[in-house]
Amino acid sequence: MTPKNSYDRVMRTLHWLSSLVIVGLFAVGLWMVDLSYYSSWYQTAPHWHKSIGILLAITTVGRLVWKATHTMPTVEGKAWERKAATAGHHTIYLLLATLFISGYLISTSDGRGIDVFTWFTVPSAGELFPNQSDIAGDIHYYVAITLIVLAAGHAIMALKHHFKDKDNTLRKMIGGNPQ
(Lines give C-alpha, C1' and ligand atoms only; values in the text may rest on other atoms or scores of the structure.)
Protein backbone atom coordinates (compact mmCIF):
# COMPACT_ATOMS: atom_id res chain seq x y z
CA MET A 1 0.00 0.00 0.00
CA THR A 2 1.29 3.41 -0.94
CA PRO A 3 0.97 6.03 1.83
CA LYS A 4 -1.40 8.94 1.31
CA ASN A 5 -1.06 12.61 2.20
CA SER A 6 -4.31 12.77 4.19
CA TYR A 7 -6.90 10.59 5.92
CA ASP A 8 -9.97 9.94 3.82
CA ARG A 9 -13.34 11.44 4.67
CA VAL A 10 -14.52 8.26 6.42
CA MET A 11 -11.53 8.19 8.80
CA ARG A 12 -11.73 11.92 9.50
CA THR A 13 -15.45 11.67 10.24
CA LEU A 14 -15.00 8.64 12.48
CA HIS A 15 -12.10 10.29 14.32
CA TRP A 16 -13.90 13.55 15.09
CA LEU A 17 -17.25 11.91 15.81
CA SER A 18 -15.58 9.42 18.16
CA SER A 19 -13.68 12.15 19.97
CA LEU A 20 -16.85 14.19 20.52
CA VAL A 21 -18.76 11.13 21.70
CA ILE A 22 -15.96 10.06 24.05
CA VAL A 23 -15.75 13.49 25.68
CA GLY A 24 -19.56 13.62 25.90
CA LEU A 25 -19.83 10.15 27.43
CA PHE A 26 -17.11 11.04 29.94
CA ALA A 27 -18.92 14.22 31.00
CA VAL A 28 -22.29 12.49 31.23
CA GLY A 29 -20.73 9.57 33.11
CA LEU A 30 -19.31 11.87 35.76
CA TRP A 31 -22.59 13.76 36.01
CA MET A 32 -24.94 10.78 36.16
CA VAL A 33 -23.23 8.93 39.02
CA ASP A 34 -24.36 11.72 41.34
CA LEU A 35 -28.00 11.67 40.24
CA SER A 36 -30.48 10.87 42.97
CA TYR A 37 -33.23 8.32 42.61
CA TYR A 38 -35.72 11.18 42.41
CA SER A 39 -34.02 12.92 39.50
CA SER A 40 -35.93 12.78 36.23
CA TRP A 41 -32.59 11.82 34.60
CA TYR A 42 -31.95 8.84 36.93
CA GLN A 43 -33.17 6.30 34.35
CA THR A 44 -32.70 8.33 31.16
CA ALA A 45 -29.02 9.33 31.49
CA PRO A 46 -27.68 5.78 32.03
CA HIS A 47 -29.87 4.49 29.19
CA TRP A 48 -28.44 7.09 26.79
CA HIS A 49 -24.90 6.54 28.11
CA LYS A 50 -25.14 2.78 27.54
CA SER A 51 -26.85 3.09 24.16
CA ILE A 52 -24.34 5.57 22.81
CA GLY A 53 -21.49 3.55 24.33
CA ILE A 54 -22.64 0.42 22.47
CA LEU A 55 -22.94 2.40 19.22
CA LEU A 56 -19.43 3.79 19.80
CA ALA A 57 -18.13 0.24 20.32
CA ILE A 58 -19.66 -0.84 17.00
CA THR A 59 -18.28 2.27 15.31
CA THR A 60 -14.82 1.60 16.77
CA VAL A 61 -14.81 -1.93 15.38
CA GLY A 62 -15.84 -0.50 12.00
CA ARG A 63 -13.08 2.10 12.27
CA LEU A 64 -10.48 -0.60 12.94
CA VAL A 65 -11.73 -2.63 9.98
CA TRP A 66 -11.61 0.48 7.76
CA LYS A 67 -8.11 1.25 8.99
CA ALA A 68 -6.93 -2.30 8.28
CA THR A 69 -8.37 -2.35 4.77
CA HIS A 70 -7.46 1.13 3.54
CA THR A 71 -4.23 3.02 3.05
CA MET A 72 -3.41 5.46 5.83
CA PRO A 73 -0.95 8.37 5.70
CA THR A 74 2.48 7.93 7.23
CA VAL A 75 3.14 9.25 10.71
CA GLU A 76 5.40 12.32 10.70
CA GLY A 77 8.02 13.39 13.19
CA LYS A 78 11.22 12.12 14.72
CA ALA A 79 11.66 8.37 15.19
CA TRP A 80 10.75 8.55 18.89
CA GLU A 81 7.65 10.64 18.07
CA ARG A 82 6.48 8.11 15.49
CA LYS A 83 6.96 5.28 17.99
CA ALA A 84 5.18 7.27 20.72
CA ALA A 85 2.30 8.11 18.35
CA THR A 86 1.86 4.46 17.40
CA ALA A 87 2.00 3.37 21.04
CA GLY A 88 -0.45 6.12 21.98
CA HIS A 89 -2.94 5.13 19.29
CA HIS A 90 -2.73 1.46 20.29
CA THR A 91 -3.21 2.41 23.94
CA ILE A 92 -6.27 4.51 23.08
CA TYR A 93 -7.85 1.53 21.30
CA LEU A 94 -6.96 -0.76 24.22
CA LEU A 95 -8.49 1.68 26.71
CA LEU A 96 -11.63 1.94 24.56
CA ALA A 97 -11.93 -1.86 24.48
CA THR A 98 -11.52 -1.95 28.26
CA LEU A 99 -14.23 0.70 28.65
CA PHE A 100 -16.61 -1.20 26.39
CA ILE A 101 -16.06 -4.48 28.23
CA SER A 102 -16.21 -2.97 31.72
CA GLY A 103 -19.34 -0.98 30.82
CA TYR A 104 -20.95 -4.18 29.55
CA LEU A 105 -20.00 -6.01 32.76
CA ILE A 106 -21.44 -3.21 34.92
CA SER A 107 -24.69 -3.08 32.98
CA THR A 108 -25.40 -6.78 32.62
CA SER A 109 -24.35 -8.25 35.96
CA ASP A 110 -28.01 -8.36 37.05
CA GLY A 111 -28.89 -10.59 34.08
CA ARG A 112 -30.63 -7.89 32.02
CA GLY A 113 -29.41 -7.06 28.53
CA ILE A 114 -28.60 -3.56 27.34
CA ASP A 115 -31.39 -1.95 25.35
CA VAL A 116 -29.83 0.24 22.69
CA PHE A 117 -32.53 2.87 22.36
CA THR A 118 -35.43 0.81 20.96
CA TRP A 119 -33.40 -0.64 18.13
CA PHE A 120 -31.92 -3.84 19.60
CA THR A 121 -30.83 -5.45 22.87
CA VAL A 122 -27.34 -6.67 23.66
CA PRO A 123 -27.87 -9.87 25.66
CA SER A 124 -26.47 -10.28 29.16
CA ALA A 125 -23.88 -12.85 30.18
CA GLY A 126 -24.99 -12.37 33.78
CA GLU A 127 -22.69 -12.10 36.76
CA LEU A 128 -19.47 -13.83 35.75
CA PHE A 129 -17.57 -13.17 39.01
CA PRO A 130 -18.37 -11.89 42.52
CA ASN A 131 -18.78 -8.11 42.89
CA GLN A 132 -18.72 -7.76 39.11
CA SER A 133 -20.52 -4.41 39.02
CA ASP A 134 -18.27 -2.84 41.64
CA ILE A 135 -15.00 -4.12 40.18
CA ALA A 136 -16.01 -3.30 36.60
CA GLY A 137 -17.27 0.10 37.80
CA ASP A 138 -13.91 0.97 39.32
CA ILE A 139 -12.10 -0.16 36.18
CA HIS A 140 -14.52 1.81 34.00
CA TYR A 141 -13.98 4.98 36.03
CA TYR A 142 -10.18 4.89 36.13
CA VAL A 143 -9.82 3.80 32.51
CA ALA A 144 -12.15 6.63 31.42
CA ILE A 145 -9.99 9.16 33.24
CA THR A 146 -6.84 7.65 31.72
CA LEU A 147 -8.40 7.79 28.25
CA ILE A 148 -9.34 11.46 28.62
CA VAL A 149 -5.81 12.33 29.82
CA LEU A 150 -4.27 10.41 26.92
CA ALA A 151 -6.69 12.01 24.44
CA ALA A 152 -5.75 15.45 25.77
CA GLY A 153 -2.08 14.58 25.28
CA HIS A 154 -2.92 13.39 21.77
CA ALA A 155 -4.57 16.73 20.99
CA ILE A 156 -1.70 18.71 22.51
CA MET A 157 0.83 16.80 20.42
CA ALA A 158 -1.23 17.40 17.26
CA LEU A 159 -1.19 21.13 18.03
CA LYS A 160 2.57 20.98 18.73
CA HIS A 161 3.12 19.35 15.33
CA HIS A 162 0.97 21.99 13.66
CA PHE A 163 2.25 25.17 15.32
CA LYS A 164 5.80 24.33 16.39
CA ASP A 165 6.96 21.70 13.91
CA LYS A 166 4.77 23.08 11.11
CA ASP A 167 4.27 19.63 9.62
CA ASN A 168 1.12 18.03 8.17
CA THR A 169 0.07 15.92 11.15
CA LEU A 170 -3.04 17.95 12.01
CA ARG A 171 -3.87 18.84 8.40
CA LYS A 172 -4.13 15.12 7.60
CA MET A 173 -6.99 14.80 10.07
CA ILE A 174 -8.80 18.04 9.33
CA GLY A 175 -8.66 17.58 5.57
CA GLY A 176 -6.48 20.59 4.82
CA ASN A 177 -4.05 20.64 1.94
CA PRO A 178 -0.68 19.19 2.95
CA GLN A 179 2.26 21.53 2.51
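When the residues of region 118-143 are narrowed to those that are out of contact with any strand residue (DSSP E or B) (no Cβ under 7 Å at 6 or more places or on another chain) and within 18 Å of Gly62 (Cβ to Cβ), which ends up least open to solvent (accessible area, probe 1.4 Å)? Don't jump to the end; show me each part of the working.
Residues of region 118-143 that are out of contact with any strand residue (DSSP E or B) (no Cβ under 7 Å at 6 or more places or on another chain), as a first pass: 118-120, 123-143.
Cutting the leftovers down to within 18 Å of Gly62 (Cβ to Cβ) gives us 119-120.
Working: Trp119: 165, Phe120: 78 Å².
Within region 118-143, the match that is least open to solvent (accessible area, probe 1.4 Å) is Phe120.
Can you confirm whether Ile114 is surrounded by fewer than 16 Cβ atoms within 10 Å (Cβ to Cβ) and either touching a Lys or Arg at 6+ places or on another chain (Cβ under 7 Å) or aliphatic (A, V, I, L, M) (or both)? Please lay out each step first, then the result.
Working: surrounded by fewer than 16 Cβ atoms within 10 Å (Cβ to Cβ): no; either touching a Lys or Arg at 6+ places or on another chain (Cβ under 7 Å) or aliphatic (A, V, I, L, M) (or both): yes.
It is false that Ile114 is surrounded by fewer than 16 Cβ atoms within 10 Å (Cβ to Cβ) and either touching a Lys or Arg at 6+ places or on another chain (Cβ under 7 Å) or aliphatic (A, V, I, L, M) (or both).
If you take the residues in region 1-58 that are in a loop (DSSP other than H, G, I, E, B) and hydrophobic (A, V, I, L, M, F, W, C), which one is nearest to Tyr141 (Cα to Cα)? Step through it out loud before you land on a result.
Residues of region 1-58 in a loop (DSSP other than H, G, I, E, B): 1-8, 33-43.
Now restrict to residues that are hydrophobic (A, V, I, L, M, F, W, C): 1, 33, 35, 41.
Working: Met1: 39, Val33: 10, Leu35: 16, Trp41: 20 Å.
Applying the filter and picking the extreme gives Val33.
Could you list, in sequence order, the residues of region 81-91 that are at pLDDT below 90 and open to solvent by 50 Å² or more (accessible area, probe 1.4 Å)?
Result: Arg82, single match.
Scan region 92-117 for residues that are under 18 Å from Leu30 (Cβ atoms) and touching a strand residue (DSSP E or B) at 6+ places or on another chain (Cβ under 7 Å) and jot them down.
Scanning region 92-117 gives a single hit, Ser107.
Report every pair of residues separated by at least 6 positions or lying on different chains whose Cβ atoms are under 8 Å apart, first residue within region 110-122 and of a type in the set (D, E, K, R), second in a loop (DSSP other than H, G, I, E, B) and open to solvent by less than 80 Å² (accessible area, probe 1.4 Å).
Partner pairs satisfying both residue conditions: Asp110/Ser124; Arg112/Ser124.
Can you tell me which residue is surrounded by the fewest Cβ atoms within 10 Å (Cβ to Cβ) among those in region 92-111 that are of a type outside the set (A, V, I, L, M, F, W, C) and touching a helix residue (DSSP H, G or I) at 6+ places or on another chain (Cβ under 6 Å)?
Step one: of region 92-111, the residues of a type outside the set (A, V, I, L, M, F, W, C) are 93, 98, 102-104, 107-111.
Imposing the further condition that a residue be touching a helix residue (DSSP H, G or I) at 6+ places or on another chain (Cβ under 6 Å) reduces the set to 98, 102-103, 107, 109.
Numbers: Thr98: 18, Ser102: 21, Gly103: 25, Ser107: 22, Ser109: 21.
The selected residue is Thr98.
The values are calculated or read from the model by the stated rules, or taken from the named source; none is laboratory data. Note that the structure is a prediction, hence the values are computed from the model and not measured. Cβ atoms come from the backbone with ideal geometry, glycine included; neighbour counts cover every protein chain shown. Side chains included, ligands, DNA and RNA excluded: accessible areas come from the protein's heavy atoms. Shrake-Rupley method; radii C 1.70, N 1.55, O 1.52, S 1.80 Å.
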